[in-house]
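A short worksheet on the structure shown next.
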Amino acid sequence: MDTSEIIFSGDTAGIEWRLPVLRFKGSDPKAPKIYIQAALHANELPGTALVHFLCEMLREADAAGRIRSDITIVPHANPIGASQSHFGELQGRFDLGTRTNFNRDFPLISVGDRDTLTEDLDRHGAVDRLKRQLMHMALGCDLVIDLHCDDESLQYAYIDDAFWPEAADLAAALDMEAVLLSDGESSAFEEAVGYAWKHETSEKKTQLPGKLSVTVELRGMRDVYPEMARKDAEGLFTFLAGRGGINAPVALAPFTGPAVPLDNIEMIRAPQAGTVLFHRNIGEQIEEGALLATIITRPGQPDGTIEVRAPQAGLIVTRTSARLVRRRADLMKIACGSASKAARKPGALEN
Ligand SMILES: [Zn+2]
């Protein structure tokens, strides 16, 4: 395992960021090149824990001469976010200086223009420098795995249609409980990588066989445990072996969970502010009209509550960990059999 650091200066005097990058050299130049990063949203740590155990497995495989692919790993992709302690609470999702989401506004370019990402980096602020260097590494690879997590959540992934159903092997290997088929219309890291591949030539590609760029949501923010991380690492190792990256036995049952387009996600929002009492939890299959939550809008008052019910039947994939919610706050994502009647803008489900 080769360890190096990307070093780039901050936007104020005296600040320098250091980003550790781990690399394994593969024996087969024809094997798919692999890029894995975790914690781009700096406080989403299940992926960092996974990567810790994965590297242990890869070092063993390396010692046995079983690694075929070049593998690049960034175990914690966001030192800037990790430093943002805001009144004692880590703000890992948005850059406080520019108010941008660390996982949006990645450059939408063709893969042929990859090297322009790191030209004249001094023209860009620190967050864009970070984004450009991450994307530059990813675009040199074929399989790109971006490890995130949700709030309270099942394990699921956002996978662009262009990689489906080939990517069902990843869903099976990681034992995912749902797949959300995205439209590739946002500027998230995973979608910017897919965009670059689709626009390699003047005619836009709609399928990308042998490639993969994916956002994996490794359950919830607090699902950081040794057994879980080790199991997830074993799953990802199996996936990499299945794609020819490592010489290792692969036994995968088919993925049988739901794979639904983003239009089929019911985003359950709070109609009013208040104290939320959840009646249903993640992983539950619910019927149309099921009582999901009661919101206490006027505590102690008669008729001081309102009910939130399911617009259609489906699987509860995520739930907020907040118990005091604002009007229009996201309460749940439910994966359903048909499209939601609520209007949805193209791109990501959340800001
Ligand atoms: Zn995230």
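The values are calculated or read from the model by the stated rules, or taken from the named source; none is laboratory data. Please read all numbers here as calculations on a predicted model, not as lab measurements. When we count neighbours, we look across all protein chains shown, and the Cβ atoms used for this are built from the backbone with ideal geometry, even at glycine. Protein only, heavy atoms only, side chains kept; ligands, DNA and RNA dropped before computing areas. Shrake-Rupley method; radii C 1.70, N 1.55, O 1.52, S 1.80 Å.
Scanning the range 160-187 for residues that are under 30 Å from THR116 (Cα atoms) and either open to solvent by 30 Å² or more (accessible area, probe 1.4 Å) or without any contact (Cβ under 8 Å) to a residue 60 or more places away in the chain (or both) gives ASP160, ASP161, ALA162, PHE163, TRP164, ALA167, ASP183, GLY184, GLU185. Residues that are among the aliphatic types (A, V, I, L, M), open to solvent by less than 40 Å² (accessible area, probe 1.4 Å) and within 20 Å of the chain's Cα centre (by Cα) within the range 220-251 comprise ALA229, ALA233, LEU236, LEU240, listed in sequence order.
Just so you know, in the range 77-88 the residues that are at pLDDT 95 or above and either outside the structural domain of SER9 (by TED's automatic domain parsing) or part of a loop (DSSP other than H, G, I, E, B) (or both) include one that is surrounded by the fewest Cβ atoms within 10 Å (Cβ to Cβ), and it is SER83. So which residues in the range 276-311 are more than 15 Å from MET332 (Cα to Cα) and of a type in the set (S, T, N, Q), if there are any at all? Passing the criteria: THR297, GLN301, THR305. Close contacts from the range 203-216, counting a first residue that is exposed (fewer than 11 other Cβ atoms within 10 Å of the Cβ) and a second that is not in a loop (DSSP other than H, G, I, E, B), with Cβ to Cβ under 8 Å and a gap of 6+ residues or different chains, come to LYS204/LYS198; THR206/ASP161; THR206/ALA162; THR206/LYS198.
Could you tell me which residue of the range 89-119 is most open to solvent (accessible area, probe 1.4 Å), considering only residues that are within 16 Å of the ligand (Cβ to nearest atom) and within 26 Å of GLU203 (Cα to Cα)? Out of the qualifying residues, it is ASP105. Within the range 278-312, the residues that satisfy the criterion of being of a type outside the set (Ser, Thr, Tyr) and over 26 Å from GLY337 (Cα atoms) are ILE295, ILE296, ARG298, PRO299, GLY300, GLN301, PRO302, ASP303, GLY304, ILE306.
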